[in-house]
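K.L.:
Have a look at the structure that comes next, please.
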Amino acid sequence: MSKISLRNNKRFHFNSRRALANVVTSAIILSAVSIMGVAMLGWSNSSLTTQKQAMEETFSTQTNKINEDLIFDNVWFSNTCPGKCVNVTMTNVGPLGLNVTEMKFIDGITLAELQIFSYTDGGIIPSSTFSINATYAWNSGDDINIVVFTERGNQFITQEIAP
């Protein structure tokens, strides 16, 4: 009988070690899962914050682009400049300031680009005017489309016929 009880004691001791191993393994797995969960939560929060910021910037940019408004007050064709020139006067009628970055003269019939003018100092505050002299050898009766580009990417077009 002593042999049986000894065996039972060994089995009991062996079973208690196996139970301890299950508890340790479960604790390790739970720790690993919780650490991965915290890491995934942090990553998703940073990803969402980045996407939110990009969406806010896009919304702001597009809203500002919609609020730009420019009208052409007058276009003068002159022979008194050194050579022939065209004076274009524009008014910013929108609620935001804008920057004129480029002006193109386009043939109104063939739509070919005639000349391109770039500007770095074309800022116009709201309710102000901006006048540009562009040297261009125009001919009487020329049909010219004048396209003005702003820094935000808007374009404003007027069509004029040279006198």
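K.L.:
Hey, with R₀ at 25 Å, roughly what FRET efficiency would residue 96 and residue 43 work out to, going by the Cβ-Cβ distance, to 0.05?
P.N.:
For residue 96 and residue 43, the calculated efficiency is 0.10.
K.L.:
Along the positive direction of the dipole of the chain (beta-carbon charges: Lys, Arg +1; Asp, Glu -1; about the Cα centre), which of 124, 147, 27 reaches farthest?
P.N.:
27
K.L.:
Specify the angular offset, from 0 to 90 degrees and rounded to the nearest 10, of the alpha carbon long axis of helix 2-67 from the longest principal axis of the alpha carbons in the chain.
P.N.:
Computed tilt is about 10 degrees.
K.L.:
Just the number please: accessible area per residue for the chain, 1.4 Å probe, all protein chains included, in Å².
P.N.:
69 Å²
K.L.:
Carbon and sulfur: what percent of region 123-163's accessible surface (1.4 Å probe)?
P.N.:
Answer for region 123-163 is 46 percent, counting heavy atoms of protein chains only.
K.L.:
How high is the relative contact order of the chain, given as a whole-number percent (alpha carbon pairs under 8 Å, six or more residues apart)?
P.N.:
Reported as a whole number, the value is 18 percent.
K.L.:
What's the long-distance tail for the chain, i.e. % of Cα pairs beyond 23 Å?
P.N.:
Cα-Cα pairs of the chain separated by over 23 Å account for 62 percent.
K.L.:
Please list the radius of gyration and Dmax for region 14-67, considering alpha-carbon atoms only, with Å as the unit.
P.N.:
According to the Cα coordinates of region 14-67, Rg and Dmax are 23.3, 79 Å.
K.L.:
Can you show me the helix-derived [θ] at 222 nm for the chain, built from DSSP H runs with n ≥ 4 at -39,500 (n - 2.57) apiece and divided by the number of residues, rounded to the nearest 500.
P.N.:
The helix contribution divided over the chain gives -15500 deg cm²/dmol.
K.L.:
What distance in nm lies between label points placed 7 Å from Cα along the C-beta direction at residue 54 and residue 116?
P.N.:
Distance between the two pseudo-spin positions: 2.9 nm.
K.L.:
Rounded to a whole number of µm²/s, how large is the Stokes-Einstein D of region 69-162 at 25 °C and 0.890 mPa s, given Rh as the Kirkwood radius over C-alpha pairs?
P.N.:
182 µm²/s
The values are calculated or read from the model by the stated rules, or taken from the named source; none is laboratory data. Model, not experiment: these values are computed from the prediction. Methodologically, a virtual Cβ is constructed for each residue, glycine included, from the backbone with ideal geometry; neighbour enumeration extends over all protein chains shown. Heads up: the accessible areas ignore ligands, DNA and RNA and are worked out on the full protein's heavy atoms, side chains in. Shrake-Rupley method; radii C 1.70, N 1.55, O 1.52, S 1.80 Å.
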